[in-house]
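I have placed the structure first, in the form of structure tokens, so that the comments after it can refer back to it.
We did not get these values from a lab; they are worked out from the coordinates using the rules stated. Because the structure is predicted, anything quoted here is derived from the model rather than measured. No Cβ is skipped: glycine too gets one built from the backbone with ideal geometry, and neighbour counts run over all protein chains shown.
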């Protein structure tokens, strides 16, 4: 049983460390185990910054010394909770070290609010791709360049273009073999997929990327940014920031539950309120959403700055200084790196299901350029798959939404519901226009009508790939029923709108 062996105070922390004890670490699913010496390192804020963090605030690491003699620092609470705590500690340290003004601290806190919002927003990519089924696209989502498999066609090729594109079955077979070789006796589906993609990425690593290109690679693997977000001018973003700051101040006296509901709750109307903020010109919802997303991407840099301030304190204030190898692994995980777009690797933990096999090796060899290239390729693969999946889901959801009647929401109770009704009515209008074009192109519908403007259309989705369209023409007493493949209607919708009479 470990015992407290040291307690000391530095400029920004009160440190407690226990004596090392023998322990055995066995990664989940693997048959091998690693003998380590493990101690517990606890950091608490020093009196200089204690007022800036909650009472009894602390951050704990398990310090594991492996057979190679290198100590590794693993957050006790997990990497997600660690980043939240380390951000708060880092901001307190940053504020004291650089004597930040209240306005500067407010800007960092605002960026933290934006960081939290975009990570819980629709644009945040959260697909896990944990089973082979997740890599298939159902027939209702195909078309418009979307195929049955989500795997990009470069998965399975080498750097010089040799080989062939892998099927989903081939990917999982390669991945299962690689996972078994890595020590997993009976790899789960998600692990087989992760190791299969790692194999593909190592066969075809990305060429070296500079900081800017690496940043875009990272951010597109975190968010479905779209083209709209890059088209927003800086002046518009500054305008939205001003509106947001005013709105947050107006809600400054709210209890947290009420503030959270207004700001990021399920039925929040933040975008609508910013678009129509009194004292400002009216903006479209799309512009406000794009500006918030651009701010969200920027917030990762602000978040990384705070993490790095705390990490530097840990790195520099240990009673037993880090060796060169320990420093390299610690810095590679917890401090910003150009190869990760100026972010610390720890901020990519949300993609660990996918990048874990490569990231674990990068922790051991943080400067290995081929591993960095493989990680960049993995992020590209994830971005391509997630974007394709979203496009397929949107194709399916657009038709389902359009087929649903809007009668149940004729009396919206909030501006958010009003906007939802308007969006659903617009989707329904586009659907009717597309179906009308299909009927006319196939010479179906009432034969006595020239353009079908007077037709009444009733539509219903049946099964997973068909829609039934009932056409009624009262003028000529005509009633007909037709079936269309889902992909046909979606292609017609994407082909353009026809004006409705």
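Odds and ends about this structure:
- Cα-based shape type of the range 4-112, given that a ≥ b ≥ c are square roots of the gyration tensor eigenvalues and the cut on a/c is 1.5: prolate
- Calculated FRET efficiency for the pair residue 68/residue 131, C-beta based, R₀ 30 Å, to 0.05: 0.25
- Helix-derived mean residue ellipticity, 222 nm - over the chain, DSSP H n ≥ 4, -39500 (n - 2.57), to 500: -16000 deg cm²/dmol
- Between 0 and 90 degrees, the angle of helix 79-98 with respect to the longest Cα principal axis of the chain falls at about 70 degrees.
- Nearest 10 degrees, 0 to 90: helix 415-441 Cα axis against the chain principal axis: 50 degrees
- FRET efficiency, residue 251 to residue 444 (Cβ-Cβ, R0 60 Å, nearest 0.05): 0.65
- Added length on full extension, which subtracts the Cα-Cα distance from 0.36 nm per residue, residue 37 to residue 9: 7.6 nm
- Crossing angle, helix 234-250 versus the chain [Cα axis fit, 0-90 degrees, rounded to tens]: 80 degrees
- Dividing the mean sequence gap of close Cα pairs (under 8 Å, 6+ apart) by how many residues the chain holds gives a relative contact order of 15 percent.
- Note on residue 58/residue 365: beta-carbon distance plugged into 1/(1 + (r/R0)^6) with R0 of 35 Å gives a FRET efficiency of 0.65.
- Which of 367, 172 has the fewest Cβ neighbours within 10 Å, and the rest in rising order: 367, 172
- Pairwise Cα separations in the chain fall into 10 Å bins from 0 onward with the following percentages, short to long: 3, 15, 22, 23, 19, 11, 5, 2, 1, 0.
- Computed from label points 7 Å out along Cα-Cβ, the spacing between residue 282 and residue 456 is 3.4 nm.
- Inter-label distance for residue 24 and residue 338, nm, one decimal - labels placed 7 Å from Cα along Cα-to-Cβ: 4.5 nm
- Spin-label pair residue 100-residue 478: with each label point 7 Å from Cα along the Cα-Cβ axis, the two points sit 6.9 nm from one another.
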